[in-house]
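Have a look at the structure below, then the notes.
The values are calculated or read from the model by the stated rules, or taken from the named source; none is laboratory data. Nothing here was measured: the structure is a model prediction, and the numbers come from that model. Cβ placement follows ideal geometry from the backbone for every residue including glycine, while neighbour counts extend to all protein chains displayed. Note: areas computed on protein heavy atoms with side chains; ligands, DNA, RNA excluded. Shrake-Rupley method; radii C 1.70, N 1.55, O 1.52, S 1.80 Å.
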Amino acid sequence: MDKRKLVMVGNGMAGVRTIEELLKIAPDLYEITVFGAEPHPNYNRILLSPVLAGEQTLDEIVLNPLAWYDEHGITLHLGRKVVDVDRRRRIVIAEDGTTAAYDRLLLATGSTPFILPVPGKDLEGVMAYRDIEDTHAMIEAARKYRHAVVIGGGLLGLEAANGLLRRGMQVTVVHLHAWLMERQLDETAAKLLQQSLEARGLEFRMGTQTAALIGDRDGGLAGRVKAVRFQDGSEVPADLVVMAAGIRPNTELAEKIGLHCQRGVVVTDTMQTVTDPRIYAVGECAAHRGIAYGLVAPLFEQGKVCATHLAEFGIGRCTGSQVSTKLKVTGIDLFSAGDFMGSADTEEIVMSDPAGGVYKKLVLKDDRLVGACLYGDTVDGAWYFKLLREGRKVADIRDRLMFGESHIGDAGHEGHNRAAAMADSDEVCGCNGMTKGTICKAIKEKGLFTLEDVRRHTKASASCGSCSGLVEQLLMFTAGGDYSATPTKKAMCGCTDRSHDEVRRAIREHRLLTIADVYRFLEWRTPDGCASCRPAVNYYLISTWPKEAQDDPQSRFIDERSHANIQKDGSYSVVPRMWGGETTADELRRIADVVEKYRIPTVKVTGGQRIDLLGVKKEDLVHVWRDLGMPSGHAYAKALRTVKTCVGSEWCRFGTQDSTQMGKDLERALWRMYAPHKVKLAVSGCPRNCAEAGIKDVGVIGVDSGWEIHVGGNGGIKTEVAQFFCKVRTPAEVLEYCGAFLQLYREKGWYLERTVHFIARVGLDYVKRRVLEDHEGRKALWERLQFALDGEPDPWSEFDKARVDTRQFDPLTV
Amino acid sequence: MTTWKAVCRLDDIPVTGARRVVRPEGDPVAVFRNAEDQVFALLDRCPHRGGPLSQGIVFGRSVACPLHNWTIGLDSGCAQAPDEGCTPSFSVKVEAVQVYLDLDELRTVAVDAVKDAA
């Protein structure tokens, strides 16, 4: 079958990004032709400012060299402007007569700079700042001339002004509004910015309207520009005038061929033009839900959606994006996002140190962060932006919010804020041994934009993920705020656009009972998922519908499928359950016998007070379990693992409560409990806390008057101290409160999310409300957990009931 | 002339699962069955650090290694980019629900693959 034909008009960042996304998911579907009006391959327009400032070269900002087009069989027409499209015959026509037929047409014509309609706008030396040619012309002008005027004190104008200043010109910035970057900054931050730019040598005319540009011939009407005249009649000298007063979507071609345009080519949520569904538009030329975006992050999201539609998956949708801004002027740290101005129904937290050049404003609404404006210290920008996009309640961290992420405790997956301070040789990703230098180099050289890109190319944060936040920050620092193109919600994996929450909700609300039902209902891209979504969906099914949804062993990792831990040489380890860490002579004897009989090479006590038999052959596993005759310790599972205890009041001089008994009771009540991730408990008999209850998912500490319960501790990748949750009087209450908390985690946690991250995401207040304040709700949670665990088989002794496929243990022979 | 050796019936392999075929010499061969009942055979060693691929999660035409989650193509034995490396694959024939491997390949292919696991 002949390939279908895709033609793209425009060769900029958003368009080429769309093609890249398309090639990723459907590499062979289309024969692709690209028309670019500029004579260059796709380059990174965002980095023109550093080029102008002399900090980077043009070669360094090329994103896709010509070889890339070759490699993917893309026909590239450079320097050819498309002037018409015959929509009936589906042919694109370029200025020089080149034509190309299409089945699908993608418009990515970008935007054009807005030129003020003032007298003298056509004089020599008056220009916009948009592409490589403009950049060249400005660099050239800076060599010959002295005075520059930049009209427009927005992001682009200031970057242009800074570049020209660095090239040795004397620069005046003219701005209509009372303060700079009014769409990104409040007045206080803008004033600080202005001061700092003035200190560098820029001059400003604020609240000033340009009336005319004056030339050097024919009484000021022709020749090269020599001055700018303002509304009040005053003038400043100018040999170069750069207009940076905004951009307009470039809809010239779209309008000519009859597509509906309204502040951009009007597109649907799938990026198809409303007029002709064969024609798509992405990037700055497109108007999506009334907005034409000018920052790269939302445009890349559009590209992704458009690509899935072109690939005929037809599932992605754009729903609008939050954007953040960062000024690319070296040495000036500025960040803003969301509703940074605030209004009558918002609250503000402000930190202002004008002398120190630091200003921070956080805008909150209903306990959620809705806006941020940072000047001078933007190290937490990415973190604030993340909180803002996630829209989670911040009441529980409100008192520390202003001081940044490091004061919250840089929890494992939550990320860090050390990026800026790190040296190039510092290690970022311990799992894969990636240093900051290597990662930054890859980001620059390979033009990486998203966390996912960095993971694929460098492996950084691809393993345990604890450095994800740090890598996201490196992305920001290396490539500017525009690049933190993480979508507002995180899809479960590449098989779907659905988030964990959406999948959980669909399973609950539509009573989905099998993985196949979920994939069909949510239109999964792959027939049977992948190694990352299948275990998650399997868990969501059995935790939502215990007794009804059937476990799928083939959607579990090998540890759970064979009920033992796989080790690096392919052998397994077995950990029998010892309730509360206690054992007997009889159990120890059986363990010793098994060790001898199966020649198990290593016997070791684990950190959780259990005995680990290491180096068991897979074919021996069934026999080892049978001979042990002890229940499964689930040391392999995302489930309750151990309840660590101290000796408590039974033996200890200081013990106030019988912690061993409490531990045994808890373990017996909770064993076989599957959860989003492993769960560990500990019970100490007094505040000396010999069982180390402070770093467990649930830690119980006996005190004279009863028991303290702590939640969300973690001794793992990043040590987390558990938070005090409540105090109860009786052992029965300990069971009910701990059980209810864990059931909440089971029902609301994301797969592979530890309790600490679960609590960080939903907020401790939420957990308290559900478990402590809502008495009926707590009892119901505890009952649901007991219902789920009731009759749950022990996989080691009830193979059939636990659906253990015993064939796996017997090798075939030839 | 290929001599086909019967190793098991199709039903002996779980859907989206695998079995290990132990041979007189060399590492075992992993025989996979995917959701569409296609059968594939690879040396039971991940090209990365020797993980037993037979113990991985099978999806589409791939298997995820149980040790470090590399994705290996079932048809080619090669790791999905950007990971690099391939593991030898074996010819498979399924006829009347019987699964056959090439006896000659079983005797010769990758019998001396270095045991440098992990």
request  = Among residues belonging to segment A:774-799 that are outside any loop (DSSP other than H, G, I, E, B), open to solvent by 50 Å² or more (accessible area, probe 1.4 Å) and in contact (Cβ under 8 Å) with a residue 24 or more places away in the chain, point out the one that is farthest from A:Ala669 (Cα to Cα).
outcome  = A:Lys779
task = Quickly run through segment A:673-700 and pick out the residues that are out of contact with any Lys or Arg (no Cβ under 8 Å at 6 or more places or on another chain), open to solvent by 30 Å² or more (accessible area, probe 1.4 Å) and either at pLDDT 95 or above or not basic (Lys, Arg) (or both).
result = A:Pro687, A:Asn689, A:Cys690, A:Ile695
query = Does B:Pro82 satisfy being facing chain A (nearest Cβ under 7 Å), without any contact (Cβ under 8 Å) to a residue 60 or more places away in the chain, in a loop (DSSP other than H, G, I, E, B) and surrounded by fewer than 20 Cβ atoms within 10 Å (Cβ to Cβ)?
reply = yes
message = Here is a check on your reading of the model: is A:Ile558 open to solvent by less than 20 Å² (accessible area, probe 1.4 Å), in contact with a Pro (Cβ under 7 Å, 6 or more places away or on another chain) and either under 19 Å from A:Glu619 (Cβ atoms) or of a type in the set (Lys, Arg) (or both)?
response = yes
key: Meets criteria (among the acidic types (Asp, Glu) and assigned by TED's automatic domain parsing to the domain that holds A:Arg183) for A:Glu95   = no
query = Of all residues in segment A:564-601, which are surrounded by 13 or more Cβ atoms within 10 Å (Cβ to Cβ) and either in a strand (DSSP E or B) or of a type in the set (Asp, Glu) (or both)?
reply = A:Asn565, A:Ile566, A:Asp569, A:Tyr572, A:Ser573, A:Val574, A:Pro576, A:Glu582, A:Glu587
Qualifying position, being under 23 Å from A:Ala245 (Cα atoms) and either of a type outside the set (Val, Ile, Thr) or surrounded by fewer than 24 Cβ atoms within 10 Å (Cβ to Cβ) (or both), among A:Glu301, A:Glu284 = A:Glu284
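A quick yes/no check of all residues on (1) surrounded by fewer than 24 Cβ atoms within 10 Å (Cβ to Cβ); (2) acidic (Asp, Glu):
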| site | (1), (2) |
| --- | --- |
| A:Val7 | no, no |
| A:Asn11 | no, no |
| A:Gly15 | no, no |
| A:Glu20 | yes, yes |
| A:Leu29 | yes, no |
| A:Val34 | no, no |
| A:Ala37 | yes, no |
request  = Using the structure shown, decide if B:Leu42 is part of a strand (DSSP E or B), within 24 Å of A:Lys618 (Cβ to Cβ) and not β-branched (Val, Ile, Thr).
outcome  = yes
request  = Please name all residue pairs, on different chains or six or more residues apart, with Cβ atoms under 8 Å, provided the first residue is in segment A:547-559 and is free of Cβ contacts under 8 Å to residues at least 60 places away in the same chain and more than 14 Å from chain B (Cβ to nearest Cβ) and the second residue is open to solvent by 20 Å² or more (accessible area, probe 1.4 Å) and not polar (S, T, N, Q).
outcome  = A:Glu548/A:Leu513; A:Ala549/A:Leu513; A:Ala549/A:Ile542
request  = Could you tell me which residue of segment A:522-531 is modelled with the highest pLDDT, considering only residues that are more than 8 Å from chain B (Cβ to nearest Cβ) and open to solvent by 20 Å² or more (accessible area, probe 1.4 Å)?
outcome  = A:Trp524
query = Out of (1) within 19 Å of B:Cys86 (Cα to Cα); (2) more than 10 Å from every other protein chain (Cβ to nearest Cβ), what's the single condition that is false for B:Leu10?
reply = (1)
query = Residue check, B:His48 against (1) at the interface with another protein chain (Cβ under 8 Å from one of its Cβ atoms); (2) in contact with a Phe, Trp or Tyr (Cβ under 8 Å, 6 or more places away or on another chain); (3) open to solvent by 30 Å² or more (accessible area, probe 1.4 Å), all met but one. Which one?
reply = (1)
ask   = For A:Arg803, are the conditions met, namely being at pLDDT below 95, assigned to a loop (DSSP other than H, G, I, E, B), open to solvent by 40 Å² or more (accessible area, probe 1.4 Å) and within 14 Å of another protein chain (Cβ to nearest Cβ)?
value = yes
inquiry  = Just to confirm my filter: which helices (runs of 4 or more DSSP H) fall fully inside segment A:63-178 and include at least 3 residues that are under 38 Å from the mean Cα position of the chain (by Cα), within 23 Å of A:Glu235 (Cα to Cα) and at pLDDT below 95?
reply    = A:155-166
Segment A:212-258, residues that are open to solvent by 20 Å² or more (accessible area, probe 1.4 Å) and part of a loop (DSSP other than H, G, I, E, B) = A:Leu221, A:Gln231, A:Asp232, A:Gly233, A:Ser234, A:Asp239, A:Ala245, A:Gly246, A:Asn250, A:Gly258
request  = Examine segment B:101-108 for a residue that is hydroxyl-bearing (Ser, Thr, Tyr), farther than 28 Å from B:Asp11 by Cβ and either surrounded by fewer than 15 Cβ atoms within 10 Å (Cβ to Cβ) or free of Cβ contacts under 8 Å to residues at least 24 places away in the same chain (or both), and state whether such a residue exists.
outcome  = yes
inquiry  = Against the conditions (1) within 14 Å of chain B (Cβ to nearest Cβ); (2) open to solvent by less than 10 Å² (accessible area, probe 1.4 Å), where does A:Leu541 fall short? Just the number, please.
reply    = (1)
query = Mind checking which pairs have a first residue in segment A:562-575 that is more than 10 Å from chain B (Cβ to nearest Cβ) and a second that is outside any strand (DSSP E or B) and of a type in the set (Ser, Thr, Tyr), Cβ under 9 Å, 6 or more apart or different chains?
reply = A:His563/A:Tyr636; A:Ala564/A:Tyr636; A:Asn565/A:Tyr636; A:Ser573/A:Tyr636; A:Val574/A:Tyr636; A:Val575/A:Thr606; A:Val575/A:Tyr636
ask   = Within segment B:55-64, can you find the residues that are open to solvent by 10 Å² or more (accessible area, probe 1.4 Å) and either assigned to a loop (DSSP other than H, G, I, E, B) or more than 7 Å from chain A (Cβ to nearest Cβ) (or both)?
value = B:Gly60, B:Arg61, B:Ser62
query = Under the condition of being surrounded by fewer than 19 Cβ atoms within 10 Å (Cβ to Cβ) and modelled with pLDDT of 80 or more, which residue from segment A:422-437 is farthest from B:Gln80 (Cα to Cα)?
reply = A:Asp424
remark   = Picked from segment B:25-44 (must be open to solvent by less than 10 Å² (accessible area, probe 1.4 Å) and within 13 Å of B:Glu105 (Cα to Cα)), the residue nearest to the other protein chains (Cβ to nearest Cβ) is B:Val29
request  = Determine if segment A:324-331 includes at least one residue that is modelled with pLDDT under 90 and of a type in the set (Lys, Arg).
outcome  = yes
message = Anything in segment B:13-24 that is touching a Pro at 6+ places or on another chain (Cβ under 7 Å) and either touching a residue at least 24 places away in the same chain (Cβ under 8 Å) or more than 7 Å from every other protein chain (Cβ to nearest Cβ) (or both)? List them, or say none.
response = B:Arg20, B:Val21
ask   = Which numbered condition trips up A:Trp750, out of (1) within 14 Å of chain B (Cβ to nearest Cβ); (2) open to solvent by 60 Å² or more (accessible area, probe 1.4 Å)?
value = (1)
